[in-house]
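K.L.:
To start, I am sharing the structure in question, which I have written as structure tokens.
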Amino acid sequence: MLKKILLLVGTMLLLAGCNTKDFSFSGDSDHWQADLKVNQSSDFEKQDFVLKYKGDNIDSVGDVAYTVKGRGEYGRKGEPLEENGVIRHSSESNPTNAKMSEDTEVKVTVKWDDQEETFTLEKN
């Protein structure tokens, strides 16, 4: 009996693992370039967001505030750039949250040093 239960649970986990979906978005503005990678299954959605400053003088940027709007919205304020001019953000949601689709319009707004740019990410 225990073997049957373990086989059933193992099969369910295997089937759930097979139902993953990966897609990504990217876009840029005059000063910024962004990539958003989405990994979904029936149980979760993971988003990996990377924002990169396109200019040469990274030290002049100061702290950055950004917002990513798709099916939901997230962002940060007061984020310093890494040495290579990048900010990274990962998030994971549970099945009750609205999930992104490949058709979702994703808008990124970046604020820094009294400047602001908004741009749309396109599906890759």
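K.L.:
For the pairs K21/K107; K69/K111; K54/K99; K77/K111, flag any whose C-alpha to C-alpha distance is greater than 18 Å.
P.N.:
Details: K21/K107 21 Å; K69/K111 15 Å; K54/K99 30 Å; K77/K111 9 Å.
Pairs exceeding 18 Å: K21/K107; K54/K99.
K.L.:
Short version: ³J(HN,Hα) in whole Hz for each residue of the stretch 30-36, in order, from phi by Karplus 6.51 cos²θ - 1.76 cosθ + 1.60 (θ = phi - 60°), x for Gly and Pro, what are they?
P.N.:
Karplus-based 3J(HN,Hα) across the stretch 30-36 equals 4, 10, 9, 10, 9, 10, 10 Hz.
K.L.:
Could you work out the relative contact order of the stretch 17-124, using alpha carbon pairs under 8 angstrom and six or more residues apart, expressed as a whole percent? Spell out each step's value before the answer.
P.N.:
Numbers: 226 pairs, mean separation 32.2, N = 108.
For the stretch 17-124, the relative contact order is 30 percent.
K.L.:
In whole Hz, with x marking every Gly and Pro, tabulate ³J(HN,Hα) for the stretch 69-83 from phi via Karplus 6.51 cos²θ - 1.76 cosθ + 1.60, θ = phi - 60°.
P.N.:
Couplings: 10, x, 6, x, 9, 8, x, 8, 10, x, 8, x, 6, 5, 4 Hz.
Read-outs: derived from the displayed coordinates by stated rules, not from any lab. Fair warning: this is a prediction, and the values are worked out from it, not measured in the lab.
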